[in-house]
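Working notes for the structure below.
The values are calculated or read from the model by the stated rules, or taken from the named source; none is laboratory data. Predicted model only: the values in this text are computed from it and were never measured. Note that each Cβ is placed from the backbone with ideal geometry, even for glycine, and that neighbours are counted across all protein chains shown.
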Ligand SMILES: [Zn+2]
């Protein structure tokens with residue numbers, strides 16, 4: 001790989017040179033949505049980040065296999081605690097859906113029985129995919145192959161749990177039916193989050209007694225399988241009827257699906273991402289389970305986490321009335337007027353992933369201005385070049401500046417700064433300028449989602465060239481097929497792609 005990339009690794013607390021195990025292949029796993037409700041803009045900040053990371057890696061020549069899970073198993077509302085607890089999210093969702101249907105705030109005929117968790121999960125999975133497509137997430141077009149649902153991987157989770165029991169990393173509670181991971185069996189526990197066992201035991205305080213009553217050997221031991229024959233989603237298992245813990249889902253799906261996509265059994269992946277609230281206990285537990293079962297010393301080489309999203313400087317919460325789903329924002333509930341999905345995408349990606357993001361009406365306005373400017377440049381140059389299309393010069397100075405900025409721990413503001421400074425300058429070669437802008441938009445993804453799909457062949461040829469320039473050959477092939485299906489003969493030469501309507 002010609003470009004040296006440096007990313008901050010949560011695991012080692014430092015910026016490291018990116019070195020995938022088998023370049024140009026990159027195996028990446030992103031913790032995805034839970035589908036009991038519409039996704040909010042904080043969730044989507046992490047998803048858009050993962051998409052930008054993927055697109056950038058592809059732009060510099062990597063072949064990214066991206067997997068993002070869908071959590072459709074009912075879990076407890078207190079999953080952020082290592083041992084769960086609280087109310088079951090599926091039960092809570094059923095209540096909420098019933099209430100929303102009664103109030104008329106949710107009108108759908110896709111859920112005729114809110115007590116059926118599969119129906120509820122399916123509805124919100126579709127809603128998520130719709131949001132994800134609007135916001136230009138490439139992974140949404142790879143559903144379901146790259147977006148496994150937890151309910152489809154129960155057997156793999158059970159195999160993983162059995163292996164952990166065999167290896168002495170897990171045990172069944174004395175009362176039976178419930179299986180815990182033994183954190184004391186895994187000396188590396190706490191390395192990612194800094195929550196080492198001595199700290200956890202010290203901090204557990206009065207809760208220790210309760211947990212021992214539940215049959216745990218150590219207060220930080222976490223749930224792998226929960227005995228519960230009354231749960232809304234339950235499965236047979238070697239330990240009795242129940243359901244899997246939340247953390248085991250990601251350990252099972254990441255290695256299973258990425259192994260399949262890699263065409264070989266993998267025990268270590270290149271990148272794992274999530275929101276900072278996933279670091280503990282979720283990702284700490286994933287490492288313990290994955291390494292514990294495979295015996296590998298490393299589960300994911302690079303851990304990247306996005307910081308929180310604030311709304312007008314405040315933590316987003318339903319009680320404060322500043323809680324926004326993606327739909328709320330697009331429909332205008334946050335700002336009083338509808339928002340273009342490309343503008344929301346731009347707003348979510350333009351601040352550095354390791355800083356808290358402050359979502360504001362003013363910020364959204366600025367993003368709308370920025371997207372409008374990029375569209376203006378595109379339109380102007382398109383008119384000037386009049387259908388002529390060229391391959392982007394890989395040495396293009398703006399492209400080089402943009403790449404350099406993003407190579408530095410994904411400094412998006414540096415990249416965007418380089419883009420706008422260049423765009424405002426002189427452009428003696430509009431065809432080349434257009435190609436460079438399209439190449440950068442291969443990462444930003446705001447121009448493509450901005451314009452409605454067109455059957456105009458010249459426009460499709462330009463998109464095809466931009467995709468090739470961004471080394472997005474899958475997209476280029478898709479556009480080529482689209483043109484061919486529409487009856488065009490497609491030719492790509494050094495000067496670019498042209499399409500000629502075939503005579504019947
Ligand atoms: Zn996860």
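Annotations for the structure displayed:
- Of residues in the stretch 18-75 being away from the ligand (no atom under 16 Å from the Cβ) and assigned to a strand (DSSP E or B), the one surrounded by the fewest Cβ atoms within 10 Å (Cβ to Cβ): 22
- Residue in the stretch 315-325 that is under 19 Å from the mean Cα position of the chain (by Cα) and within 16 Å of the ligand (Cβ to nearest atom) present: no
Okay, residues lined up against (1) crowded, with 19+ Cβ neighbours inside 10 Å; (2) farther than 24 Å from residue 410 by Cβ; (3) in contact (Cβ under 8 Å) with a residue 12 or more places away in the chain; (4) touching a strand residue (DSSP E or B) at 6+ places or on another chain (Cβ under 8 Å):
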{"site": "271", "(1), (2), (3), (4)": "yes, no, yes, yes"}
{"site": "285", "(1), (2), (3), (4)": "yes, yes, yes, yes"}
{"site": "295", "(1), (2), (3), (4)": "no, yes, yes, no"}
{"site": "302", "(1), (2), (3), (4)": "yes, no, yes, yes"}
{"site": "320", "(1), (2), (3), (4)": "no, yes, no, yes"}
{"site": "326", "(1), (2), (3), (4)": "yes, no, yes, yes"}
{"site": "344", "(1), (2), (3), (4)": "yes, no, yes, no"}
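- Scanning the stretch 373-386 for residues that are over 29 Å from residue 130 (Cβ atoms) and part of a loop (DSSP other than H, G, I, E, B) turns up at least one hit.
- Given (1) in contact with a strand residue (DSSP E or B) (Cβ under 6 Å, 6 or more places away or on another chain); (2) within 16 Å of the ligand (Cβ to nearest atom); (3) closer than 25 Å to residue 309 by Cβ, index of the condition residue 6 fails: (2)
- Flag for residue 404 being at pLDDT 95 or above and farther than 27 Å from residue 56 by Cβ: no
- In the stretch 270-296, residue nearest to the ligand (Cβ to nearest atom) [restricted to those that are touching a helix residue (DSSP H, G or I) at 6+ places or on another chain (Cβ under 8 Å) and not in a helix (DSSP H, G or I)]: 274
- Residue in the stretch 238-256 that is nearest to the ligand (Cβ to nearest atom), counting only those that are surrounded by fewer than 24 Cβ atoms within 10 Å (Cβ to Cβ) and farther than 18 Å from residue 288 by Cα: 242
- Selection status of residue 299, under 19 Å from residue 50 (Cβ atoms) and within 13 Å of the ligand (Cβ to nearest atom): yes
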